[in-house]
1. Against the conditions (1) modelled with pLDDT under 85; (2) at negative phi; (3) hydrophobic (A, V, I, L, M, F, W, C), where does A:M356 fall short? Just the number, please.
2. Looking at this structure, is A:L282 assigned to a helix (DSSP H, G or I) and in contact with a helix residue (DSSP H, G or I) (Cβ under 6 Å, 6 or more places away or on another chain)?
3. Among A:G231, A:G225, which is the only one that is within 13 Å of chain B (Cβ to nearest Cβ), without any contact (Cβ under 8 Å) to a residue 60 or more places away in the chain and in a loop (DSSP other than H, G, I, E, B)?
4. If A:S318 satisfies all but one of (1) in contact with an Asp or Glu (Cβ under 6 Å, 6 or more places away or on another chain); (2) closer than 30 Å to A:A190 by Cβ, what's the number of the condition it fails?
5. Looking for something in contact with a helix residue (DSSP H, G or I) (Cβ under 6 Å, 6 or more places away or on another chain), among the β-branched types (V, I, T) and either open to solvent by less than 40 Å² (accessible area, probe 1.4 Å) or in contact (Cβ under 8 Å) with a residue 12 or more places away in the chain (or both) - is there at least one such residue anywhere in the range A:298-312?
6. Any idea which of (1) within 19 Å of B:Q33 (Cβ to Cβ); (2) in a helix (DSSP H, G or I) is the one B:P131 doesn't satisfy?
7. Quick one: is A:F326 farther than 19 Å from A:Q254 by Cβ, within 10 Å of the chain's Cα centre (by Cα) and in the same structural domain as A:V258 (by TED's automatic domain parsing)?
Amino acid sequence: MSSNRTWSSDPAGRATVHAGRWLGLALLLLAAGVAPVRAAGIGDLVEINWVEQAARFFTFQDATVRYALLGSILLGLSCGLLGSFLVVRKMALVGDALSHAVLPGVALGFLWNLSKDPLAIFIGAMIAGLVGTALVSAITRTTRLKEDAALGLVLASFFAAGICLVTMIQQLPTGNKSGIDKFLFGQAAALGPDDIALMGTVTGIALVLVTLFYKELLATSFDPGFSRASGLPSRWIHHGLMLLLAAAVVIALQAVGVVLVSAMLITPAAAAYLLTDRLHRLVLLASAFGVAAGVSGAFLSFVGPSLPTGPLMVLGASFVFGLAFFFAPRHGVISRWWRRRTGAARTRRENTLKSMFHVWEAGGFRAEGVTLTELAEKRRETLEDAQRLGSALVRHELATLSGDVLYFTPAGKQRAGEIVRNHRLWELYLTNSAGMAPDHVHEDAERIEHVLGETVVRALERRLDYARVDPHGRNIPTPREIHRDAGLTDESKRRERP
Amino acid sequence: MSAESPLEIHDLTVAYHRKPVLWGVDLTVPAGQLIGIIGPNGAGKSTLIKACMGLLPVQSGWVKMFGQPFAKVATRVGYVPQRESVDWDFPVSVMDVVLMGRYGRLGLLRRPGKADRELARSCLEKVQLLPYANRQIANLSGGQQQRVFLARALAQQADLYFMDEPFSGVDAATEAAIIAVLRELRDQGRTLLVVHHDLPTARQYFDRLLLLNMNVVAFGPTSEVYTPELLQRTYGGRLTILSEVAQALGAQEPPR
């Protein structure tokens, strides 16, 4: 620890040391389950086990717990709500800059009457945040620098000034008891009734304004130019949103800390972005995720060893994002992988059916079944492979296997006919209409045959004048033949051309 | 419709970083016309329509629509921005985007109601996109996206339309469908200014042409304005000098 000790005059460093020391232990303790842990400052310093501690948390015995929990819910809600618009407007970095820029304001607000008066700190922080954003837009307007450079510049310089001011405050006679260092990494336990009142007010105002001006927020986020041209007050909406964001950042500071508050704005909204394609659902989901992250952060910080609340909240939000990243139904990594996999399996089955059809066709459509040996020969594979492919068809009820002979089911026969037709139609289309050489078209048709829909097939047939023979001189099965072979009813024939 | 011109521009100068892009533009547009704005890249075509609607700061001059400044008549003006100007991954449906055409008339605090939805549906019908109403806009082809913007403009029910390259990136069938809609709007007495970049079709599509290259080269009925000399002057600059030199060289006796 001696290498770390040099840092301990700096509040950020102290928290790091704390976190580092307890992190390893925390994992051990969580594994042990019942080992005694120290309440994370939210409770008192009694040694009790985590089950009791969890019970204390959920029964809200202590006022501190109530305030911490309420505060976490409010900040999760406001950050998720407003962060949604930040993400869809591609202004995520603005949130980061804003949260760092407020620190000097926090310090000045504290210096106003040398106490942690929530209102003075709120006003100081708001002013600093707005001066910061104004500087960013001034830099982008008057120089050739782009917004990202301006944001980085303002973020760092304001944060540096803030750190210096905070350190100065801590060196004051009363400073080290001030709790001003809590603003860096956040501690929900430090929330008092005044803080909660302020957080409630800000969150309430944000909720009301977003509901009232949702239409304008949507339009200006999607297409600012059109919105201005149709007379919507785009600029006011933008400034209003920035003001609300600054307020949300400031009320979240004490619980999450300056360094991580932007993560509470961005992470829940980013997770929601992966889960839905509509803005109103995105906003609702992001708010819910924000609340969930806030509550889980407060809970873990209370039950677990003394880890700061802020990072735990952010980890909670990141966990939600991780779930969305992997499991989102449409945009998730796993579901995309699963779709690809099932698509590949279907293609394999269809190729097997096609091979069966070819064998059947070569035999003049006489032999009803196709032996596994024939299939293996046709596909130039081993008998084991043919067996595997055959049982895949059986599983999907496209064929039945008796002994070592595969028989088409009606569905299997129809699909086989369709695939062969698609393949040959596409080859014909490429040679006739796209002017490709007949020996160039097979590879392409191998891929296309699996994806052609019925409407495209109909269009192709019309285009090719219902041709019956493919470029290699083979018969193209017609819908009539396919249906007849599949043994389907007359019902399905009525859709055919006369 | 009032006797006032739908669009009157007087000595309009627009500059980016003090470098003028449009220079002393004067223009009085008659009502009920389908007008093409053509000119080379960087001629200020988009700049002109954006400046008219106050989307860009104007250095000097003024613009009046129906005899009033734009802000007073914004609800009578419709706009089709360039397709590239928005993020098509944005989480909205086709219907949501078309409804945005109603926002200007609704004003603050009012939500689009049943009548607005009905109108939006009929606008989607007109551009043959009704089956796509509930799709997210990313799941559309370029031509369909362009038609979404057109449907949104239709929903604005404006008397004066500005359209920025509504034909860019669309196939021939979509282009025909779009021009049919534009002509229908014109026949209803509305005025349309359309930025266009294809000369041969410009001649077929538009009643009048505005030839623009930093200032107005010519403005008038297509038959009068679509002349080699005027087009040459519009697309001129270096090209003109080059072609003049080439012509002079061609007129010389070949050295034998």
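The values are calculated or read from the model by the stated rules, or taken from the named source; none is laboratory data. This structure is a prediction, so every number in the text was calculated from the model and none was measured. Virtual Cβ from ideal backbone geometry, glycine too; neighbours counted across all protein chains shown. With ligands, DNA and RNA removed, areas are computed over all heavy atoms of the protein, side chains included. Shrake-Rupley method; radii C 1.70, N 1.55, O 1.52, S 1.80 Å.
1. In the conditions (1) modelled with pLDDT under 85; (2) at negative phi; (3) hydrophobic (A, V, I, L, M, F, W, C), A:M356 misses (1) alone.
2. yes
3. Of A:G231, A:G225, the one residue that is within 13 Å of chain B (Cβ to nearest Cβ), without any contact (Cβ under 8 Å) to a residue 60 or more places away in the chain and in a loop (DSSP other than H, G, I, E, B) is A:G231.
4. (1)
5. Yes: the range A:298-312 contains one or more residues that are in contact with a helix residue (DSSP H, G or I) (Cβ under 6 Å, 6 or more places away or on another chain), among the β-branched types (V, I, T) and either open to solvent by less than 40 Å² (accessible area, probe 1.4 Å) or in contact (Cβ under 8 Å) with a residue 12 or more places away in the chain (or both).
6. All conditions are met except number (1).
7. yes
Here is a yes/no grid of residues against (1) within 15 Å of A:L232 (Cβ to Cβ); (2) in contact with a His (Cβ under 6 Å, 6 or more places away or on another chain); (3) away from every other protein chain (no Cβ under 12 Å):
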site	(1), (2), (3)
B:G61	no, yes, yes
B:K64	no, no, yes
B:P81	yes, no, no
B:F90	no, no, no
B:A120	no, no, yes
B:C123	no, no, yes
B:P131	no, no, yes
